[in-house]
Amino acid sequence: MCQLFIDSDPALWASHTRSFRMDGMVTSVRMEELFWRTLETIGERDDLSVPQLLHRLYNESLDAGHDVGNFTSFLRVCCLRYLDLQMRGLIPVEERVQLSQLPAADILALESDEREKAAPRLL
């Protein structure tokens, strides 16, 4: 089992720092290559560059009242969440479908229902 991970291309876990401008300030984010590739895929679905995607994620998180003090961790979770939503069939794998056009409230409700069904019932 571990061979699938151990013998994969080491370039996938090489860390890279990318700098971008957000609200007039230059910000740097350091992540592994596989996360950058996933962010590129997410952005491409809505015709956004990675800097545009990061800017949107950051601002919309703040607007929603979230503390994004560890923005890099937030981005990693966004990547994993994207892949998990695809794997569970809650968002389409087809990259031609824009993520911004998906019914987010309905998807979140389906997830909530799944969690309720999976939660152990106490008597």
* Full extension from SER19 to PHE71: what is 0.36 nm times the residue separation minus their Cα-Cα distance, to one decimal in nm? -> 17.4 nm
* To do: Kindly write out, for the stretch 98-104 in residue order, the coupling ³J(HN,Hα) from the Karplus curve 6.51 cos²θ - 1.76 cosθ + 1.60 (θ = phi - 60°), rounded to whole Hz, with x marking Gly and Pro.
  => 6, 5, 5, 8, 6, x, 4
* Asked: On alpha-carbon atoms, Rg over Rh for the stretch 1-106 using Kirkwood Rh?
  -> 0.98
* Asked: Between SER8 and LEU90, what length in nm is gained on full extension when 0.36 nm per residue of separation is reduced by their alpha carbon distance?
  -> 26.8 nm
* Asked: Between SER61 and GLU111, what length in nm is gained on full extension when 0.36 nm per residue of separation is reduced by their alpha carbon distance?
  -> 16.1 nm
* Asked: Once amide H atoms are built 1.01 Å from N in the peptide plane, which residues 5 or more positions from MET22, or in another chain, come under 5 Å H to H?
  -> THR27
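Values quoted throughout were computed directly from the atomic coordinates according to the rules given, and no laboratory measurement underlies them. All figures in this text were calculated on a predicted structure; none of them were measured in a lab.
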